[in-house]
Amino acid sequence: MKRKLFIMLLLIQCSIVNSQSCEKIMEFVKSKSYGTSYTSYDSDAISKVTFYSVSENYKTLYFAIVCFKKKYSYGCNEYIYQVSSNTKLNYSLNYLNSAGKAFWKYIHPHRKNLNCSPNFN
């Protein structure tokens, strides 16, 4: 019961656009689940996407952590999205053709669920 309450509080906190709470959600998700990563060596923007599922009290939540390449240096910036249950399958079937197109089609539409995504204006 405490874990369910904790997850709900984290998700509510993330609706108040605050990078610190988004980082806390990422830490929590990473600590509760092993992820499945899809690396994109040829993409100009996306380094990798890792999918996680977290189950509590018979409810499963799905997440994608997208690692966007830094423009003029090594490494990447991570952003978390709460996605639907079929996002991982759809992304995995399409990312080798174009990680960017697969991201825009299957992950980006979920950007408002947590409000933890970058602003692409």
- Query: Dipole of region 55-104 (Lys/Arg Cβ +1, Asp/Glu Cβ -1, origin at the Cα centre): which of Tyr58, Cys76, Leu93 lies farthest to the positive side?
  - Reply: Cys76
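I'd like to check one number: the per residue accessible area of region 27-90, probe 1.4 Å, reported in Å² as a whole number.
Working: 4010 Å² over 64 residues.
Result: 63 Å² of accessible area for each residue.
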- For the pair His108 and Ser73, how long in nm is the line joining their label points, each one 7 Å along Cα→Cβ? 2.6
- How much net charge surrounds Asn97 when only the other residues with a Cβ under 14 Å from the Cβ of Asn97 are counted, with Lys and Arg +1 and Asp and Glu -1? +1
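Determine the sum of side-chain charges near Phe68: Lys and Arg each +1, Asp and Glu each -1, restricted to other residues whose C-beta is under 14 angstrom from that of Phe68. Walk me through the intermediate numbers first.
On the way: positive: Lys48, Lys69, Lys70, Lys71, Arg111; negative: Asp44, Glu78.
Spelling it out: positives minus negatives among the neighbours equals +3.
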- Zone reached by a paramagnetic label modelled 7 Å from Asn86 Cα along Cα→Cβ, restricted to region 39-73 with backbone N below 19 Å, covers 51-53, 60-64
- Item | Sparse-neighbourhood loop sites, chymotrypsin sites (Phe, Trp or Tyr not before Pro) in region 31-121 - DSSP loop, at most 15 other Cβ within 10 angstrom | Tyr34, Tyr41, Tyr58, Tyr72, Tyr74, Phe120
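Note down the net charge around Asn119, summing +1 for each Lys or Arg and -1 for each Asp or Glu among other residues with Cβ under 14 Å from its Cβ.
On the way: positive: Arg111, Lys112; negative: none.
Charge balance near Asn119 sits at +2.
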- Cα to Cα, under 19 Å, and not fewer than 8 places away if on the same chain: which aspartates and glutamates meet these conditions relative to Lys30? Glu56, Glu78
- Note on the structure: For region 90-95, Karplus-derived ³J(HN,Hα) couplings (6.51, -1.76, 1.60; θ = phi - 60°; whole Hz; x for glycine and proline) come out as 4, 5, 5, 7, 10, 5
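The values are calculated or read from the model by the stated rules, or taken from the named source; none is laboratory data. Bear in mind that the values here come from a model prediction, so they are computed numbers and not experimental data. Every residue, glycine as well, gets a Cβ built from its backbone with ideal geometry; the counts of neighbours run over all protein chains shown. The area values use the complete protein model at the heavy-atom level, side chains included, leaving out ligands, DNA and RNA. Shrake-Rupley method; radii C 1.70, N 1.55, O 1.52, S 1.80 Å.
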